[in-house]
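K.L.:
My structure is below; once you've seen it, I'll send some questions.
The values are calculated or read from the model by the stated rules, or taken from the named source; none is laboratory data. Computed from a prediction, not measured in an experiment: that's the story for all the values here. With ideal geometry, Cβ positions are generated from the backbone for all residues, glycine too; neighbour counts draw on all protein chains shown. For the accessible areas, the whole protein counts, side chains as well, though only heavy atoms, and no ligand, DNA or RNA atoms are used. Shrake-Rupley method; radii C 1.70, N 1.55, O 1.52, S 1.80 Å.
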Amino acid sequence: MFGVLSPCITHLDSELGAQWRAHMCGVCLSLRNDHGQLARLTTNTDAIVVSILVDAQRQSPSNMVTAGPCALRGMRTAQVIAPAELSVRLGATTSLTLASAKAADVLAEQRAGLAAPSALRSRGARFAEPRLRAKALADGQVTTAIGGRALLDDLAGQADVEVGGASLDEITDGAARAAAAVFAATADLAGAPENRAALEQIGSDFGRCAHLLDAAEDIESDCKTGDFNPLTATGTSLERARQDCRRLISAIRTATDTLVLRDDRLLRVLLLGGLERAMTQVFGHRTEAVFTTPGPPPRPPLPPFHRRILPWMGVYCTGYACCADHTNPCNGKRHQGACKGCDCDCCDCCDCCDC
């Protein structure tokens, strides 16, 4: 799956674990029902947290349905959020919006010379972007709530910002604005206007933090390939990026305390706990320490793309990625199993691709 947040279900009790699975499968089924089977490939863990936010602000829980057998549940059924519920519809639209913006960014970076030339990536992005955009804008109610068309148009200008020698804050402004719009929309869709201002700020801080975490994680590979990286382009050290992320997470934690929620337990574990886990993965095991090393050991060169297709299918299409540590065949990154330490009954997502 895509996303900065990668919660581990072993950190949840049985009740919260069931709620997490209900939202994850609900978003997945909403993508399938409204946009087709392939749309499930865009499932994004950050978008699942948005679904949880909507549900947490409502006076009563979202309606549940029984999902059919899934290979990742050992062909067992499960109780999940109904695909027609606003919470998972927002999660689905957010997943598609992020995927569309990513495809557009790939094309823009290739045109602007911000990424190493790749005919394969360009062709793939050129094919996917208009289709993803159409799907992202298909749910009128949700698209209106987040301002989907304006959001995508704003993100489409990211490469122009990067090529213009902008500051780090200017480079991360786009992600901050997009996340602010989505988080604020959760209050509108849940009928909780009292939370809107706080959620807009939480979203802005989350978007900026996510952009910094992604830049810090990719800095080594970007330097090797010559791709644009916000930290190297602005002369920002990893330690400064870590400090900025720590400040943003602290602000998110403070703002979360002000929200009026029916039940905040799952949100805190997944949003705040997920950010802490991301900090550990990117910067090391002690996020409060001062880091002097440049990052993880270098990864070996990747084999040609055609030699990575079968490993990709084996790792992600069988559900192996959910339950065991693995190397992503697409980018060579090492990932921890999403459900490490527990049986496969916790793997309720129908796709785990994070290529």
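K.L.:
Taking only the range 159-197 into account, find how many residues are closer than 23 Å to Cys245 by Cα and either of a type in the set (Asp, Glu) or under 18 Å from the mean Cα position of the chain (by Cα) (or both).
P.N.:
16
K.L.:
Additional query: Taking the condition of being part of a loop (DSSP other than H, G, I, E, B) and of a type in the set (Gly, Ala, Ser), how many residues in the range 228-266 meet it?
P.N.:
2
K.L.:
Can you tell me how many residues within the range 182-229 are in contact (Cβ under 8 Å) with a residue 12 or more places away in the chain, over 17 Å from Gly91 (Cα atoms) and acidic (Asp, Glu)?
P.N.:
Looking only at that region, the number is 6.
K.L.:
So, in the range 77-104, of the ones that are within 20 Å of the chain's Cα centre (by Cα) and open to solvent by 30 Å² or more (accessible area, probe 1.4 Å), which residue ends up nearest to Gly191 (Cα to Cα)?
P.N.:
Filtering the range 77-104 down to residues within 20 Å of the chain's Cα centre (by Cα) leaves 81, 83, 86-104.
Those still in the list that are open to solvent by 30 Å² or more (accessible area, probe 1.4 Å) too: 86, 89, 98, 102.
Numbers: Leu86: 11, Arg89: 16, Leu98: 24, Lys102: 30 Å.
Among residues in the range 77-104 that are within 20 Å of the chain's Cα centre (by Cα) and open to solvent by 30 Å² or more (accessible area, probe 1.4 Å), the one nearest to Gly191 (Cα to Cα) is Leu86.
K.L.:
Just the residues that are hydroxyl-bearing (Ser, Thr, Tyr) and open to solvent by less than 40 Å² (accessible area, probe 1.4 Å), please, taken from the range 237-272.
P.N.:
Across the range 237-272, the qualifying residue is only Thr256.
K.L.:
For residues that are at pLDDT below 90, aliphatic (A, V, I, L, M) and assigned to a strand (DSSP E or B), tally how many sit in the range 59-77.
P.N.:
Result for the range 59-77: 1.
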